[in-house]
Every structure is written in C-alpha cells, then in structure tokens.
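Below: the structure, in structure tokens.
The values are calculated or read from the model by the stated rules, or taken from the named source; none is laboratory data. Computed from a predicted structure; not experimentally measured. Neighbour counts run over all protein chains shown; Cβ positions are idealised from the backbone, glycine included.
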Amino acid sequence: MSRRAHGNGDSEGRQYYDFLLAAFVAVLLISNIASSKILVLGPFTFDGGTILFPVSYIFGDVLTEVYGYRRARRVIWAGFFATALMALVLTVVGRLPAAEGWAHQESYDAILGLTPRIVAGSLVAFWMGEFSNSYIISRMKVWTEGKYLFLRTIGSTLVGEGVDTLLFVVIAFAGVLPPSLLLSIIVSNYVFKVLFEAAATPFTYLLVNGLKRREGIDHYDRGISYNPFSAS
C-alpha cells in the first residue's frame, strides 16, 4: 500500500477515522461528568476527569499526525458540540419537576447539576486547548519533516494542556475556591496531564505507526488554512 505524504486530506484513507472520532467524544463526555468530584491522588489534587481527560489529547495528537489538521478540526468541533449538548440536556433535566416519590433531586444537582461557569469554562478551555494542541503538532511536523514525534506530542501538550487547565480552573472556580486550592488544582492538573502524555509516548508511537501503515497515509499540512471556522 502506497503512503501518501502530501495529500489534501480529503481523498486519503480513513478506515479507522470514525472510530477515533467516537472514542475522542466518549472520553470527553466521560471526563466532564467525572469532573464533578475533586480528589487527591498522591501529591496531586484535581478533578476526577483528569484521570481520563489526557487521553483526549493523545487522540488529538494521533488524529493530527496521521490525518492532518483539517480532519482533526472536525473531531474537535464534534467534541465541542457533543459537550454543549450534554450540558444542555443535563441542565434541562435538572430543572424539570421531579416525579412524585422520586427523592433524589439534591443528589442529581450535586453530581450532574451544571453551573453556567463550569459549562463555560469547560467549553472555552476545551476549544482553545485542543486547537492549540492540534495547530502546534501540525506545524512542528512540517518543521521537523516528520521526525521526532515525541517532541511534537509533548511540545503540543505543554501548550495545549496549559491553556486548557488554566482557562477551565480560572473560569469555573475563581472566586469560589480559596486561592491556595485554586493554584494547587491548576498545578496538579497541569503536571499530571503532562506526565501522563510523556508516559503514554510509547503507546502513541504504536498507535500512530499502526494507523499510518494500515491507512496508507502520513499527512503533512502544507498550504492549509488553520482557521478553526474554515470549512476547507
């Protein structure tokens, strides 16, 4: 199977693309629900979604590296709208009157009740972080001529996760949590996510190389628009 390194991304193979899209969205939604709990794990203090959320950045790296920025952009938007829909449905269900005899409204509100600040923080942070991550790994691939994948995945994570963590925690919790806890959550989230990405590098290599071989593609983003709102 020939490997096409400079295609425009629209006619290349995508046997596994839909699976990665579905997995990306699933990880994103699960992470958002799990974020309702703040937990302590060793020296780290973070929301529960942090245990799984870094996987979405691994998928973002893989999608951009194999299929290119434009296909990754579609996945990011799919994740954005899926998260917005989930937030809307959970909010509407929470506001609707409970059936007589159902005595769990407070429990529902405590776990699934979403405040506007948390919804806004999650959506803004995800959008900014994922597009930053995808842009950097795309540009670095061209700059390095496809070499040093580990530098691209870790380098893009340093920026993308930094943007995501800072925006989410500040938008969602500033003025609500004590400054010391706020700082602890930001630092713990960021360090944990970066270490997670670094530790997952061998897995990322296996997944990227396997997909390139099976799909027969190795896409380079040359002469494309990085506008997140572009349809081309």
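The residue that is surrounded by the fewest Cβ atoms within 10 Å (Cβ to Cβ), among those in the range 65-115 that are in a helix (DSSP H, G or I) and among the polar types (S, T, N, Q), is 107. Residue count for the range 25-83 under the criterion of being of a type outside the set (A, V, I, L, M, F, W, C) and closer than 25 Å to residue 188 by Cβ: the result is 19.
Within the set 163, 169, the sole residue that is out of contact with any Pro (no Cβ under 9 Å at 6 or more places or on another chain) and modelled with pLDDT of 95 or more turns out to be 163. Given the residues 185, 137, 154, which is the only one that is farther than 30 Å from residue 208 by Cα and either in a helix (DSSP H, G or I) or in contact (Cβ under 8 Å) with a residue 24 or more places away in the chain (or both)? The match here is 185. Only one entry of 207, 195 meets the criterion of being out of contact with any His (no Cβ under 6 Å at 6 or more places or on another chain), under 22 Å from residue 126 (Cβ atoms) and free of Cβ contacts under 8 Å to residues at least 12 places away in the same chain, and that entry is 195. Could you say whether any residue in the range 203-216 is in a helix (DSSP H, G or I), in contact with a Pro (Cβ under 9 Å, 6 or more places away or on another chain) and hydrophobic (A, V, I, L, M, F, W, C)? No: zero hits. From the set of residues in the range 110-126 that are touching a residue at least 40 places away in the same chain (Cβ under 8 Å) and in contact with a Leu (Cβ under 8 Å, 6 or more places away or on another chain), which is farthest from residue 171 (Cα to Cα)? So the residue we want is 112. Answer yes or no as to whether residue 65 is farther than 30 Å from residue 205 by Cβ and acidic (Asp, Glu). No: the conditions fail for residue 65. Looking only at residues in the range 26-56 that are part of a loop (DSSP other than H, G, I, E, B) and touching a strand residue (DSSP E or B) at 6+ places or on another chain (Cβ under 8 Å), the one that is surrounded by the fewest Cβ atoms within 10 Å (Cβ to Cβ) is 37.
Of all the residues in the range 65-80, those that are among the charged types (D, E, K, R) and without any contact (Cβ under 8 Å) to a residue 60 or more places away in the chain number 1.
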